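Encoded as structure tokens, the structure appears first; notes follow it.
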Amino acid sequence: MENPRYEKALSDPIFEVISSAASQLGLEAYVVGGFVRDYFLERGEQKDIDVVAIGSGIDLAKKVSQLLPGKPKVNVFKNFGTAMIRQGNLQLEFVGARKESYRKDSRKPIVEDGTLEEDQQRRDFTINAMALDLRPDTFGTLLDPFEGMADLNQGLIRTPLEPGITYSDDPLRMIRAIRFATQLNFQIIPESLQAIEENRDRIRIVSRERIVDELQKIMAAKQPSVGLALLHKTGLLEYILPELTALQGIEEIEGQRHKDNFWHTLEVVDNISKKTDNLWLRWAALLHDIGKAPTKRFDKNIGWTFHGHEFVGSKMVYPLFKRLRLPLNEHMKYVKKVVRLSSRPVSLSDDHVTDSAVRRLIFDAGADVEDLMTLCEADITTKNPRKQRRYLKNFQEVRKKIKEVEARDRIRNFQPPVSGETIMKTFDLKPSREIGLIKEAIKEAILEGEIPNKQEDAHRYMIHKGLELGLKLSNEALKNLSEDD
Ligand code: CTP
């Protein structure tokens, strides 16, 4: 049977250019990998295009650049035998077809030039091993020796070779399998899943950066729990996020049980993913309970407690981010903060909510107070519909209260209404401890609702507080006071 042709997939003019460059060099060229897969999955325009040449990928890239307007720069990676060109919003990667085999006693591959089919079989999955022909006479022909199209139609993740070989060639592929299963809602075939479980220890040789790239894609998916559960099931999660696997299990003492905080966390992550694409809020959901493993205690009178788990959990965020090579910038600080505050709205929703408690929450959470509420709502995983409705309603109340209080008191971006300089001038002070005391007292008075968050009221309160501390007003301050009268 003749192979089907898909010229439409190659309608971008760039493919004609690559095709003539290859012809001029007397080479064969093919498009492979994610571009082909995503075309058939109708996943929208792919910007990354992988081209395989039978011969030198670097030579082909150089020729392509010559034929393009402006002759874009060719980035050559000699060690890998690859070259890259950026053209508009496209990123073109060129590589020569390779036959790669691994010696038993060494991880260094023997790389030899190979045929297209040899190149396809050393790729990760059948759905990523389909090629579209760029030769002029057969332009657009699909070359699919490992039946990637059938797997694509059935939603299956399968390796072209025996899975043990494919995974041990590059153990990152174990996580990639799980990432694709999560993103595409595909099934990893049982034999492959078993091979991942057997080879899981090999993940140790993969760099953290590459692992985290895949993990981020799992976290960004519609339902991250699919990937997280697979990572757990295959034993990989233990290597990546042991803080999370430590939450698994239910203990029972004297007939009292606590919930399984691992599976609960996965539900929370899915819940929040329906509400937000903010990756770092999803991370906060993933980590919001990690302090529960180290703080778990059984108290005869109260039952299970996780006292201070938010605080302990937030302390675990920095070392965890550092270990995984996640950014240690404001994203880390945000996750840390949201974890630390994650139970605060719950305590507010219990009973009667006081304005001062709401003001304190807004003060502590600042601009992230909405995100915090989103997390608390996602944290409701009770299967009892009555309870669920009640909790949600309580949080609605808290949200309403936050709006009211914020409209009145503007605490969200709190700036001290009286500066240190004003305090020094008012009491003829040099930099000293009293300034901090007065500033803190003003802030507390505002948060407690004793005075409004207004400059005039804060000024009056400053004088009152200073006199109470035994300070004397400066001449200038005295003059201003008498003028006010
Ligand atoms: N590939 C592989 N083994 C890996 C990584 C990549 O065999 N560990 C091959 C696959 O054929 C893959 C291609 O290289 O399709 C390109 O890899 P990459 O750009 O990382 O992924 P894509 O498949 O393009 O998918 P995505 O864009 O979603 O990352």
About the Cα centre, charge dipole magnitude for the chain (Lys/Arg +1, Asp/Glu -1 at Cβ), debye: 1000
Packing rank of 251-263, 122-134, 276-288, where each peptide gets the mean count of other beta carbons within 10 Å, highest leading: 122-134, 276-288, 251-263
222 nm mean residue ellipticity, helices alone, for the chain (DSSP H n ≥ 4; -39,500 (n - 2.57); rounded to 500): -16000 deg cm²/dmol
The stretch 259-368 - percent of accessible surface contributed by carbon and sulfur, probe 1.4 Å: 52
The stretch 240-362 - convex hull of alpha carbons, volume per residue in Å³: 129
Candidates per trypsin sites (Lys or Arg not before Pro) in the stretch 290-347, loop by DSSP, up to 10 other Cβ within 10 Å: K300
Surface share of carbon and sulfur [accessible, 1.4 angstrom probe, percent] for the stretch 420-484: 49
Solvent-accessible area per residue, Å², over the chain with all protein chains present [probe radius 1.4 Å]: 52
Accessible area of the stretch 155-240 belonging to carbon and sulfur atoms, whole % at 1.4 Å probe: 44
Per-selection metrics, the stretch 420-484 (Cα): Rg and Dmax in Å: 11.4, 32
Kirkwood hydrodynamic radius of the chain, Cα pairs, Å: 27.2
Angle between the chain longest axis and helix 455-468 axis [Cα atoms, degrees, rounded to 10]: 60
Cα-based Kirkwood hydrodynamic radius, the stretch 155-240, one decimal, Å: 12.5
DSSP-loop trypsin sites (Lys or Arg not before Pro) across the stretch 181-226, with at most 12 other Cβ within 10 angstrom: K222
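The values are calculated or read from the model by the stated rules, or taken from the named source; none is laboratory data. On a predicted model such as this, the values are computed, not experimentally measured, just so you know. Note that each Cβ is placed from the backbone with ideal geometry, even for glycine, and that neighbours are counted across all protein chains shown. We work out accessible area using only protein heavy atoms, side chains counted, and drop any ligands, DNA or RNA first. Shrake-Rupley method; radii C 1.70, N 1.55, O 1.52, S 1.80 Å.
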